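Heads up, the thing below is written out as structure tokens.
Read-outs: derived from the displayed coordinates by stated rules, not from any lab. Here the structure is a predicted model, which is why all the values come from computation and not from measurement. Ideal geometry is used to build each Cβ from the backbone, glycine not excepted, and the neighbour counts take in all protein chains shown.
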Amino acid sequence: MLDKVRVGMIGVGGIARYHLNQLLETPDAEIVALNDVNHARLAAVCEQVPQLSEVPTFERYEDMLSSVEMDAVEISTPHTLHFEQAMAALDRGLHVMVEKPMVCRVDHAKELIRKAEGKKRVLIVAYQRHFQPQYRYIRKTVQEGGLGEITYVAALQCQQWKRGTKGTWRQDPALSGGGQLNDSGSHLLDAILWTTDMAVASVHAFIDNLGCPVDINSAVGMRFASGAQGTVSIVGDAPCWYEDFTIWGTKGVMFYRNGALTHCDESGEITEPTDLPPAGNVDKGFIDCILGKDINWVPGTCGLRVIELTEAAWQSAQSGAPCCVSRS
């Protein structure tokens, strides 16, 4: 049994800094190696974070995996690289945390899950909403029947995504695999699927690239296998950041508006829940799961469900017709 999990980082730019800080605050974790294709970025991380000054660095993740003894990796690289890197880590018997989206193709998601199961290793996706008290409360309420039968779900995300990602890998399809729907928008798709535990049967999507190589604005209508309806609105050319998430049921409604959660019961009374579950974070959750201290809050199946829905939305937008969502 492990008493401390040795972690190697594949990618140290952007969101990886967030993961690095959370791992450094986790007593059961030890960062033992850093990888990034950008040497200057590696040097900057080691200089800016004194705890990492003696940690070995590598510009090729393959060299890191073959040179350093470790138990797990965290992957924070451009989306289309996730599959190859995660498979390589699993082949070496390592546990894997991968940033969202887990992968950019349904067949890759299935293969990755099979590999993790075959190796008996933890595969967790960095959807942090699974660790946020408000979303945990929504899921718990739905599971316990507090909203009755779910009839409609709506989610909206607006960001300055088009402007903020201009000239970066996120607008390069070869590295991003898609636009905002596949990037930050995947958080909304995951939140819908995870909190309701409902399967989407079909989607009808309309997507506008606004002159960019990848999707910027997306309007996605959904029909669930249960008969419930849903919509996802992704606005990537907004002047501000805003997000809301709503679930309607036969016994009430849950409203989540930019961080504020309210619950409307059958009588129409609206209250703010005070008995929220404790907060967590995906990095500590990853370590706790490896050590057997907690469940896997974001298993690979969450990544699979998201890319199944995303692929169907892309296909629908391209064909101009509804598309069935395949689910294995």
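Overview of values
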quantity	calculated
Contact order relative to length of the chain, as percent, for alpha carbon pairs under 8 angstrom and 6 or more apart	19
Point-to-point label distance, residue 229-residue 163, nm (Cα→Cβ direction, 7 Å offset)	3.4
Qualifying trypsin sites (Lys or Arg not before Pro) in the range 143-247, DSSP loop, other Cβ atoms within 10 Å at most 16	166
For the range 1-78 and the range 149-183, distance of Cα centres in Å	27
Long-range Cα-Cα pairs in the chain (distance over 35 Å), rounded percent	22
Local electrostatic count, residue 263, Cβ distance below 10 Å [Lys/Arg +1, Asp/Glu -1]	-3
Per-residue [θ]222 nm for the chain (sum of -39500 (n - 2.57) over DSSP H runs n ≥ 4, rounded to 500)	-10000 deg cm²/dmol
Semi-axes of the equivalent ellipsoid for the range 102-192, Cα gyration tensor, largest first, Å	27, 22, 11
Percentage, to the nearest whole number, of Cα pairs in the range 179-328 over 28 Å apart	30
Those GluC sites (Glu not before Pro) in the range 248-328 that DSSP places in a loop and that have at most 14 other beta carbons within 10 Å	266, 269
Convex hull (Cα only) mean projected area of the range 89-141, reported in nm² to one decimal	4.4
Descending principal axes extents, the range 241-328, alpha-carbon based, whole Å	45, 43, 29
Pairwise Cα inverse-distance average, inverted: Kirkwood Rh of the range 5-128 (Å)	14.4
Distance cut-off 16 Å, percentage of C-alpha pairs in the range 165-258 lying past it	60
